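Working notes, structure below.
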């Protein structure tokens, strides 16, 4: 199991948090914590990967900060 935190630009409210949570759930992730400005995701490095997480965050309408 891997854990990674992503800093997210553009989140300002609880609705933003819900949007990212929804996209992560839709992408198949179920072990995560999303707060305004960040998401911490636990995933198994075999079937899930960092790119899939990033794609879900972008799909929610936000930008990942390196």
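Taken together, the values in this text are just the output of simple stated rules run on the coordinates, not laboratory data. Values in this document were obtained by computation on a predicted structure and should not be read as measured data. Note: ideal-geometry Cβ built from the backbone for every residue, glycine included; neighbour counts use all protein chains shown.
The sole residue among 21, 9 that is without any contact (Cβ under 8 Å) to a residue 40 or more places away in the chain, under 15 Å from residue 61 (Cα atoms) and in contact with a strand residue (DSSP E or B) (Cβ under 7 Å, 6 or more places away or on another chain) is 21.
Among the residues of region 25-59, those that are exposed (fewer than 12 other Cβ atoms within 10 Å of the Cβ) and in contact with a strand residue (DSSP E or B) (Cβ under 8 Å, 6 or more places away or on another chain) comprise 44, 45.
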